Every structure is written in C-alpha cells, then in structure tokens.
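Down below is the structure, laid out as structure tokens.
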Amino acid sequence: MFDYAIMLSLMVIARRARCLFVLFALSALGTVSGCKMLIGGLTSSLAEDLAASILNSPDVDTVREGIPAYIIMLDSFLRRSPEDTTLLLTAAELNGAFSTFTEGDRAKVLTSRARDFALRAACAENDAFCSLPDMPFDAYEAVLVDTDEKDIALLYEVGVAWTGWLQANSDDWNAIAQLGRVRALMTRVIELDETHDDGGGHLYLGGLETVLPAAMGGNPEKGRGHFEAALSYSGDTFLMTKVIFAQQYARLVFDQELHDRLLNEVLAADPVVPGNTLINTYAQRQAALLLAESVDYF
C-alpha cells in the first residue's frame with residue numbers, strides 16, 4: 001500500500017479533531033445533527049486545544065490507536081443521520097485512515113466503506129455526483145467540467161477515498177480500470193485550485209501516475225512533475241512529500257541518487273513544524289526504513 005495513504009491517515013485526525021471532539025462530547029445528549037452546526041456553540045476552545053495537541057504530537061502510535069473508537073462512534077451517528085454530508089465525509093476519512101494500518105481483506109473492507117461513504121456524501125450534496133463510478137465516461141467528464149470552486153473540497157475528499165480503495169484492490173483489474181476516473185477527478189481539483197491542501201492534488205496525482213511502470217501504462221515522468229509541484233507548495237514544512245516522491249518515483253525508475261538524497265533531506269530536517277509535527281515525525285520514521293533498504297533494493 002502506498003505511503004501517501006498513511007500520510008492521509010495522520011492528516012485526517014488532525015483536520016477532523018475539532019469536529020470529532022464536539023461529536024463525542026455531545027453524543028450522550030442525543031443532539032448530534034452535523035458538526036457544522038455544533039461547532040458554532042460553546043465547545044470551540046477545548047476542541048481547538050485537542051486538534052492542536054494532535055497536530056503537534058510526535059506520538060504517532062497513540063493517535064493511530066485512537067482511530068477505531070472514532071469509527072464506531074461515527075457509525076452510531078450515521079444511523080440517526082444517514083445523509084449528513086459532514087458525518088459521511090468524516091466516516092470516509094477515518095475508515096480510509098485506519099485502513100492504512102491494516103492489510104489484505106480488512107484493508108479492502110475499510111477502503112470500500114471509505115469510498116462508499118465519500119460517494120454517498122457527494123450524491124447527498126449534488127444529484128449530478130450520484131453514480132460517479134458507473135456512469136459512462138463521457139458523462140463523467142461532463143460532470144467534472146461543470147464543477148467550480150465551491151466543489152473543490154468535496155471532489156478532493158472523494159478522490160482521496162477512491163484512491164485508497166484502488167490501493168487496497170490493486171490486485172483487481174476491475175478496480176484498476178477505474179484509475180482513469182480518479183485521475184480525471186484529481187486533475188479537475190488542481191485545475192480549479194492547485195494550492196488546495198498545500199498541493200495535495202499534485203501529491204495524489206504523482207502517486208496515481210506512478211502506480212504502474214511506463215511499460216504497463218504508467219507515466220513516471222509526469223508523476224515526477226506532480227511531486228515537484230507538490231514540493232513547491234509544501235517545501236520542508238511537510239516532509240512526507242519527499243518520502244512519497246522517493247518511494248513512488250525514485251524506486252520505480254531506479255534512481256538511487258534521488259531516492260537517497262530526498263530521504264536524507266527528510267532525516268536532516270527539523271520535524272517540529274506547527275501543524276505538521278505528527279506527520280513529519282512519521283515521515284522521518286518511514287524515511288529511515290526506506291534508506292535502510294536502499295542498498296538491497298537498488
């Protein structure tokens with residue numbers, strides 16, 4: 001499974017921490033009707049403190065171990081509000097996040113749930129987004145062309161969940177056949193705003209273009225361009241970009257010099273960056289593992 005999905009798992013918890021805290025605090029009262037309404041109340045200070053603590057924590061394992069409790073909690077909320085877009089997207093993100101720490105059939109189940117939640121959210125938000133995986137491709141492209149800036153965040157969330165599902169089902173050519181749809185979706189995201197999520201659209205497109213070698217239909221050099229574009233937005237503040245660049249591109253084209261340079265830059269960097277400390281700490285852990293394998297791999 002590609003490590004840019006693990007990067008997502010850490011970003012998810014940080015991004016949704018405020019919402020999840022509010023949901024958890026009010027669940028006993030039976031008053032949950034969507035985080036957007038709740039966070040307008042009196043809980044913002046504690047929620048923001050929790051989010052900041054997660055974002056700036058170097059303890060990856062503790063954060064990871066907390067995900068299943070949130071998944072179960074969200075399942076209960078969705079029984080009451082099955083069409084709440086915010087809850088659906090949060091459930092999609094957390095199921096996708098936890099899937100990165102699993103393998104085999106369990107990963108397939110979790111990513112399938114994530115994808116289904118994201119697609120349900122898209123359909124609930126806009127009727128035109130219903131049946132995205134199944135509509136004829138020309139109709140699918142027409143739907144994407146008709147999107148605008150207000151759709152960026154939703155499109156991105158769907159693309160992320162869909163990518164995770166592709167990763168878990170990379171042994172299934174029926175799943176791989178949907179790669180073109182995900183690529184088109186993420187391409188539309190960067191057409192609308194390539195800076196969204198610090199260039200996250202470029203990061204995912206880089207991964208999608210390097211799923212396969214050139215001989216099998218991949219486009220490694222186009223992928224490199226996307227990775228470099230992502231770096232132009234994140235630089236040394238978001239170290240996971242370099243880790244993914246090294247693993248997805250440098251290993252694919254057997255460029256050991258680039259591989260080792262990127263990973264050594266990650267290890268030499270200061271991981272403590274407000275808002276990114278958790279992710280950067282994990283990136284350094286991954287960089288050390290990849291470097292240890294470098295001689296044998298190349």
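How many of the residues making up region 196-220 are outside any helix (DSSP H, G or I) and either crowded, with 19+ Cβ neighbours inside 10 Å or of a type in the set (Asp, Glu) (or both)?
So in region 196-220, the residues outside any helix (DSSP H, G or I) come out as 210-213, 217-219.
Next cut, either crowded, with 19+ Cβ neighbours inside 10 Å or of a type in the set (Asp, Glu) (or both) only: 210-211.
The qualifying residues number 2.
Can you tell which of Ile71, Ile54 is out of contact with any Cys (no Cβ under 7 Å at 6 or more places or on another chain), part of a helix (DSSP H, G or I) and at pLDDT 80 or above? Before the answer, list the steps.
On the way: Ile54 fails: at pLDDT 80 or above.
Just one listed residue meets the conditions, Ile71.
I need a count of the residues in region 221-246 that are of a type outside the set (A, V, I, L, M, F, W, C) and crowded, with 23+ Cβ neighbours inside 10 Å. Walk me through it before giving the result.
Filtering region 221-246 down to residues of a type outside the set (A, V, I, L, M, F, W, C) leaves 221-226, 228, 232-237, 241-242.
If we keep only those that are crowded, with 23+ Cβ neighbours inside 10 Å too, we end up with 223, 226, 241-242.
So the count comes out to 4.
Return yes when Leu144 is crowded, with 18+ Cβ neighbours inside 10 Å, over 23 Å from Ala97 (Cα atoms), modelled with pLDDT of 95 or more and in the same structural domain as Ser99 (by TED's automatic domain parsing) and no when it is not.
Working: crowded, with 18+ Cβ neighbours inside 10 Å: yes; over 23 Å from Ala97 (Cα atoms): yes; modelled with pLDDT of 95 or more: yes; in the same structural domain as Ser99 (by TED's automatic domain parsing): yes.
Judged against the criteria, Leu144 is a match.
Looking only at region 98-138, how many residues end up being outside any helix (DSSP H, G or I) and either touching a Gly at 6+ places or on another chain (Cβ under 8 Å) or not aliphatic (A, V, I, L, M) (or both)?
Residues in region 98-138 being outside any helix (DSSP H, G or I) and either touching a Gly at 6+ places or on another chain (Cβ under 8 Å) or not aliphatic (A, V, I, L, M) (or both): 10 in total.
Name the pairs: first residue in region 281-298 and under 19 Å from Phe254 (Cβ atoms) and modelled with pLDDT of 95 or more, second residue part of a helix (DSSP H, G or I) and among the acidic types (Asp, Glu), Cβ to Cβ under 8 Å, at least 6 apart or on different chains?
These pairs meet every condition: Leu291/Asp260; Ser294/Asp260.
The values are calculated or read from the model by the stated rules, or taken from the named source; none is laboratory data. Only a predicted model underlies this, so the values are computations on that prediction, with no experimental measurement involved. Positions of Cβ are generated from backbone atoms using ideal geometry, with glycine treated the same way; all protein chains shown enter the neighbour counts.
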